[in-house]
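No lab work stands behind these numbers, since they all come straight from the coordinates. Quick caveat: nothing in here was measured; it's all calculated off a predicted structure. For neighbour counting, all protein chains shown are included, and Cβ atoms are generated from backbone atoms with ideal geometry for every residue, glycine included.
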Amino acid sequence: MRGGDVRTGELFSYVDLEARVRKDHPLRAIRQIVNEALVLLEQDFAALYSPIGRPSIAPEKLLRAMLLQAFYSIRSERLLMERLEYDLLFRWFVDIGVDDPAWDHSVFSKNRDRLLDGDIAAKFLGAILSQPKVKRLLSTELVRFV
């Protein structure tokens, strides 16, 4: 029997993002490495943000989103936010809920600049590169292009 070409307009959806990402997806291993590096930066994050005022985008989420932008060669924050809006893999990696809206691109850019100005992004990459799992993947040989 042929199924109908009808959209199901469910009121509630119980999508488990963890179940939607296949077990052998390369981003699973990367996410684990990233989360371990983010734990090391907890004090740096605390020093960068005021304890009072309106909460900003979590720096952990910003850094994960910035990695996705680099991995997938997304050329602008506007396109990254669009991708975060509809891509379940991106939502899972960044740790955004299914029903949570993606951020405004200008808010993302402003918060990203705070991390870059505070040298957090550089410390983040250093924390990733210093992990033993990652060191095994890096080459010490210089590659020369002729």
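The residues of region 34-53 that are assigned to a helix (DSSP H, G or I), over 12 Å from the mean Cα position of the chain (by Cα) and touching a residue at least 40 places away in the same chain (Cβ under 8 Å), listed by number, are E36, A37, L40, D44, F45, L48. Report, ordered by the first and then the second residue, all pairs with beta carbons closer than 9 Å, sequence separation of six or more or different chains, a first member in region 73-88 that is more than 13 Å from P101 (Cβ to Cβ), and a second member that is basic (K, R) and surrounded by fewer than 15 Cβ atoms within 10 Å (Cβ to Cβ). Within 9 Å, the pairs are L88/R20. Considering region 112-128, the residues that are buried (at least 16 other Cβ atoms within 10 Å of the Cβ) and aliphatic (A, V, I, L, M) include one that is farthest from Y49 (Cα to Cα), namely I128.
Would you mind stating whether E42 is of a type outside the set (A, V, I, L, M), more than 24 Å from L137 (Cβ to Cβ) and surrounded by fewer than 18 Cβ atoms within 10 Å (Cβ to Cβ)? Answer is yes for this residue.
The set of residues in region 54-96 being assigned to a loop (DSSP other than H, G, I, E, B) and either touching a Leu at 6+ places or on another chain (Cβ under 8 Å) or under 14 Å from L27 (Cβ atoms) (or both) consists of Y72, I74, D87, D95, I96.
Test each condition in (1) touching a residue at least 60 places away in the same chain (Cβ under 8 Å); (2) aromatic (F, W, Y); (3) more than 26 Å from R22 (Cα to Cα) for F108 and report the one that comes out false. All conditions are met except number (1).
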